[in-house]
Amino acid sequence: MTFNDENFMLKNEPAKRLYQKVKDQPIFDFHCHLSPKEIYEDQVFEDIVDLWLGGDHYKWRLMRAYGVPEKEITGPSDKLTKFKAWAKTVSHAYGNPLYHWSHLELKNVFGITDLLTEENAEEMYHKLNQIIHDKKLSPRKLIQMSKVNFIGTTDHPLDDLVWHEKIMQDIDFHVEVAPTFRPDEVFVEHTNFNEFISRLAEVTNQKIHSFSDVLSALEERVKYFVEHGCKASDISFGEVVFEKVSQVQCDEILKKRLANQYLTLLEVRQWQSAIFKELCRLYHQYGLVTQVHFGALRNNHTQLYSKIGPDCGVDSMGEQMYLTQNLNLLLDDYARSNQLPKMIWYNLNPIYNIPLANTLANFQVNNHGIKSQLQYGAAWWFADTKLGMINQMETLAEQGMLANFVGMLTDSRSFLSYQRHDYFRRILCTLVGTWIEEEEVPADFEKLGQFVADICYDNALHFFKGEV
């Protein structure tokens, strides 16, 4: 038995056969946090630590759990020391997806099949850096090596999108890099709300004194994004809420917030309900896929957060009351007013898997032949594990149509993270292969081969671009 060989994670013969259908498929990465500036400038990486550990709060979190001092994680220690700390950590992380991802990256990107250990860390550090320099590994080189043909970045709604423009004009780069509209700061609980409204007015050359003024300015920005190739939006909510609210009430909430007056929890929920509904109206009008991530409880270690900032690895799964009641009311409100866009919903806490998938199934009615216009999105963040992926796909299969699933995404800031698609494909093939072995589905490899190929690539291409 060999770890991380060509049959890694493929638990049965049907799985191995199905994997041959998808292993060489391209990647349609519709949601990530890669920098378009870095993609355009395409600088060769200087060091494996910059490429592998920089900004990766998944790894930082694990290193802290292993007792690594912060100076060797996000602090001033030299790069070799940080790499050794990571090697020591990951070599003991059996059962954690980072153990699998890291060794897939070593194998698939660097051609290294040796295990990373505390003992060989220094040798491996120099070897990896030599490969980076010899192969001139850069963002574009890594993207092309992974057979990526579409990247959806995550972008501030006031971004000028200059780097996306430059990429589009580069005839030597054939990967589509599209912006994604992410208006977190238009929600009144955001600390930057007032500054955002001021900048929104400036960028759009509009005066903003009312709720309708905010919507007019946001529509101008949505149009700007669409003109620059945007295919989707994204938002992250702590909770899914739904409150009835009038425009007069929204005007009053806006006035109070701009004056830095206290807002009640009800007013915060009313604004979220109203502004999100109007954003979804715009997304429906301009043909954007609406992505919703919900359930994160962020920045819980306040001392570390104040020192390092957001995305430092101190976030948790959240909980909420009345999820299905709020979600049903929200989606029904959109459906009654014909404002229901294509949507992908990602829940962070897996206790909501069945309620979410079950609720989305209520609103799949459409007259345009769209397969699962409300998608139950891939296992996200803390659920982005072997069991998390299996639970998400089994839930979708039982509550809806797994055949329509748009599949995996990286949701990452790392140019090495495309190996997560390979990891997902292996897990999917084992899941379906097990169904074959247990005689839960017929052993029709032509149909099931297309089934897994659709999930791994074809469905996402069709859902986001209307292509087959």
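Going residue by residue through segment 341-354, is there one that turns out to be assigned by the TED database to the domain that holds H293, open to solvent by 60 Å² or more (accessible area, probe 1.4 Å) and either assigned to a strand (DSSP E or B) or modelled with pLDDT under 95 (or both)?
no
Could you say whether any residue in segment 115-122 is open to solvent by 20 Å² or more (accessible area, probe 1.4 Å), of a type in the set (S, T, N, Q) and not assigned by the TED database to the domain that holds Y457?
Yes, that holds for at least one residue.
Being part of a loop (DSSP other than H, G, I, E, B) and surrounded by 15 or more Cβ atoms within 10 Å (Cβ to Cβ) is the filter here, so list the residues in segment 171-188 that pass it.
Hits for segment 171-188 are F173, V175, P179, R182, P183, F187, V188.
Is it true that Q25 is among the polar types (S, T, N, Q), assigned by the TED database to the domain that holds I344 and part of a helix (DSSP H, G or I)?
Taking the combined requirement at face value, the residue does not satisfy it.
Specify which of the listed residues (G55, G75) is of a type outside the set (K, R), modelled with pLDDT under 95 and open to solvent by less than 40 Å² (accessible area, probe 1.4 Å).
Checking each option against the conditions leaves just G55.
Could you list, in sequence order, the residues of segment 227-267 that are among the aliphatic types (A, V, I, L, M) and either open to solvent by 50 Å² or more (accessible area, probe 1.4 Å) or at pLDDT below 95 (or both)?
V248, L258, A259, L265, L266, listed by residue number.
Does segment 192-205 contain at least one residue that is loosely packed, with under 15 Cβ neighbours inside 10 Å, modelled with pLDDT of 95 or more and hydroxyl-bearing (S, T, Y)?
yes
Could you list, in sequence order, the residues of segment 125-170 that are assigned to a helix (DSSP H, G or I) and open to solvent by less than 10 Å² (accessible area, probe 1.4 Å)?
Passing the criteria: L128, I132, P139, L142, I143, H164, I167.
Among the residues of segment 305-323, is any under 30 Å from L53 (Cα atoms), assigned to a helix (DSSP H, G or I), at pLDDT below 95 and touching a Lys or Arg at 6+ places or on another chain (Cβ under 9 Å)?
yes
Would you mind stating whether A397 is assigned by the TED database to the domain that holds L282, in contact with a helix residue (DSSP H, G or I) (Cβ under 9 Å, 6 or more places away or on another chain) and free of Cβ contacts under 8 Å to residues at least 12 places away in the same chain?
yes
Restricting attention to segment 427-449, and to residues there that are in contact (Cβ under 8 Å) with a residue 40 or more places away in the chain and either open to solvent by 60 Å² or more (accessible area, probe 1.4 Å) or not assigned by the TED database to the domain that holds L18 (or both), which single residue is nearest to V148 (Cα to Cα)?
Applying the filter and picking the extreme gives A443.
Out of segment 195-251, which residues are over 29 Å from T324 (Cβ atoms), among the small types (G, A, S) and in contact (Cβ under 8 Å) with a residue 24 or more places away in the chain?
Result: S210, S212, G229.
Mind checking whether some residue in segment 85-104 is in contact (Cβ under 8 Å) with a residue 24 or more places away in the chain, over 23 Å from V44 (Cα atoms) and surrounded by fewer than 16 Cβ atoms within 10 Å (Cβ to Cβ)?
yes
Examine segment 284-293 for a residue that is in contact with a strand residue (DSSP E or B) (Cβ under 8 Å, 6 or more places away or on another chain), assigned to a loop (DSSP other than H, G, I, E, B) and open to solvent by 10 Å² or more (accessible area, probe 1.4 Å), and state whether such a residue exists.
No.
Determine whether R17 is crowded, with 18+ Cβ neighbours inside 10 Å, at pLDDT 95 or above and over 14 Å from S414 (Cβ atoms).
So R17 fails the test.
Of the residues T385, T410, T395, only one is surrounded by 17 or more Cβ atoms within 10 Å (Cβ to Cβ) and touching an Asp or Glu at 6+ places or on another chain (Cβ under 7 Å); which?
After ruling out the rest, the residue left standing is T410.
The values are calculated or read from the model by the stated rules, or taken from the named source; none is laboratory data. The structure presented is a predicted model; accordingly, all values stated were derived computationally and were not measured. Because the Cβ atoms are built from the backbone with ideal geometry, glycine has one as well, and the counts that use them run over all protein chains shown. When the accessible area is computed, the model is the full protein with side chains, heavy atoms only, and any ligands, DNA or RNA have been set aside. Shrake-Rupley method; radii C 1.70, N 1.55, O 1.52, S 1.80 Å.
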